[in-house]
Amino acid sequence: MGLSEPRNPGPWGGYRLMSLCDRVLPGWLLEAAMRTGVFIAFALMREQRRHSRAYLETLRGHPVGWRESYRHFRALADMLRLKLRAGRGDPVPMEWADEESSRNGLLIRGRTPMLVGTFHVGASDLLGFGLDKFERSICMVRQRVRNSEDIDRLLRQAAGQVEVIWVNDERDIIFGLRDALDAGKTLAMQCDRLEHTSKVAAFEFLGERRLFPVTIYHLAALYGRPVQFSVALPDPAGAGYLVHACDPFVPEGRHRQEDVQAGVAHFQMVLHWLEKLLLRHPYQWFNFLPLNPSAPAGGLSSGAGMAASD
């Protein structure tokens, strides 16, 4: 384990215990175990509970009670359970959410190397691994954490069709991204957290101008790659997910800085689209962290860092 490897909150062996219960317990007992486990996590994880409440109150515009935060924790547990099932090889259905998403996803169904953007919303990992169904060479950009058994299982199921660029060592990020893009691979990046990036810009989101990483648009301009943002949200009619895809961004390729500026404008549209989805699915925002910081009053400059996800 590297010194820069953090760990996800929760007990050691939590993923294995959840997977074991999901395999061996009957439905009613599994539900009881899930409720008990989520309640224990909700009671003990005070910092995450505070951030959950702050997010929900910002999104809804009014105070929320403990029940809503509990539902937020439960939504995360349900997503993790399905991710562990996929890691065992069980099918987890994914369909386009609607005709508009299906049209917007034409780029994903094609063969052109591209950049796929998403957020820590819904089943983002399952969406990334699902891209291999389109016969693409996929690289997911992530931060390695010490208790990442869920991702390790998915990688074993992918059988070499999906690679991961680990960004814990920032000296390797630029070279890893360059090699993947030069090889014509599709990059899948989560674009909501500010770790490992200095290319940021301010956007309207949840009532304030907040900072988000925009490295994906710098890469799009540099390599002439289209950008497609999508999220996978639970299907209320089944046990799978519905994929929502936003209008894609295609750089014109005449002037790199103009392409970056056009990409930044596109990302503001993406965030408005995401906010509407969150209003309909408030418990699917899985950043149990402080909301993205407000933009400084004196303006903003971007540097040369690379974006990552964790």
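Annotations
- Residue within region 170-188 that is without any contact (Cβ under 8 Å) to a residue 60 or more places away in the chain, closer than 24 Å to Ser19 by Cα and surrounded by 15 or more Cβ atoms within 10 Å (Cβ to Cβ) present: no
- Phe175 vs. criteria aromatic (Phe, Trp, Tyr), in contact with a Ser or Thr (Cβ under 8 Å, 6 or more places away or on another chain) and outside the structural domain of Asp78 (by the TED database): no
- Set Arg53, Arg81, Arg49: member being open to solvent by 30 Å² or more (accessible area, probe 1.4 Å), modelled with pLDDT under 95 and part of a helix (DSSP H, G or I): Arg81
Each row is one residue, and each column tells you yes or no for (1) in contact with an Asp or Glu (Cβ under 8 Å, 6 or more places away or on another chain); (2) more than 26 Å from Asp125 (Cβ to Cβ); (3) open to solvent by 60 Å² or more (accessible area, probe 1.4 Å); (4) outside the structural domain of Phe205 (by the TED database).
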site: Leu233; (1), (2), (3), (4): no, no, no, no
site: Gly238; (1), (2), (3), (4): no, no, no, no
site: Leu242; (1), (2), (3), (4): yes, no, no, no
site: Phe249; (1), (2), (3), (4): no, no, no, no
site: Glu252; (1), (2), (3), (4): yes, yes, yes, no
site: Glu258; (1), (2), (3), (4): yes, yes, yes, no
site: Gln261; (1), (2), (3), (4): no, yes, yes, no
site: His272; (1), (2), (3), (4): yes, no, yes, no
site: Glu275; (1), (2), (3), (4): no, no, no, no
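- Breaking point among (1) within 19 Å of the chain's Cα centre (by Cα); (2) under 21 Å from Gln228 (Cβ atoms); (3) among the acidic types (Asp, Glu), for Glu100: (1)
- Test for Ala41: is it assigned to a helix (DSSP H, G or I), at pLDDT below 95, open to solvent by less than 50 Å² (accessible area, probe 1.4 Å) and hydrophobic (A, V, I, L, M, F, W, C): yes
- Region 159-184, subset assigned to a loop (DSSP other than H, G, I, E, B) and in contact with a Lys or Arg (Cβ under 8 Å, 6 or more places away or on another chain), residue modelled with the highest pLDDT: Val167
- Test: residue in region 131-139 that is part of a loop (DSSP other than H, G, I, E, B), in contact with an Asp or Glu (Cβ under 9 Å, 6 or more places away or on another chain) and open to solvent by 60 Å² or more (accessible area, probe 1.4 Å): no
- Condition met for Trp285 (surrounded by fewer than 17 Cβ atoms within 10 Å (Cβ to Cβ) and within 17 Å of the chain's Cα centre (by Cα)): no
- Looking across Val167, Val162, one residue alone is buried (at least 19 other Cβ atoms within 10 Å of the Cβ), farther than 23 Å from Glu275 by Cα, in contact with a His (Cβ under 6 Å, 6 or more places away or on another chain) and of a type in the set (A, V, I, L, M). It is Val167.
- Of the residues Arg111, Arg144, Arg156, the single one that is more than 18 Å from the chain's Cα centre (by Cα) and in a loop (DSSP other than H, G, I, E, B) is Arg111.
- Residues satisfying the criterion are absent from region 107-116 (criterion: within 19 Å of Asp235 (Cβ to Cβ) and either of a type in the set (Gly, Ala, Ser) or surrounded by fewer than 17 Cβ atoms within 10 Å (Cβ to Cβ) (or both)).
- Residue in region 196-210 that is closer than 23 Å to Ile108 by Cα and buried (at least 20 other Cβ atoms within 10 Å of the Cβ) present: no
- Test: Tyr283 is among the hydroxyl-bearing types (Ser, Thr, Tyr), touching a His at 6+ places or on another chain (Cβ under 7 Å) and farther than 22 Å from Ser102 by Cβ: yes
The values are calculated or read from the model by the stated rules, or taken from the named source; none is laboratory data. For clarity, every value in this text was computed on a predicted model and none was experimentally measured. Reconstructed Cβ throughout: ideal geometry from the backbone, glycine too, with neighbour counts over all protein chains shown. Side chains are part of the model used for accessible areas, which takes the heavy atoms of the whole protein and leaves out ligands, DNA and RNA. Shrake-Rupley method; radii C 1.70, N 1.55, O 1.52, S 1.80 Å.
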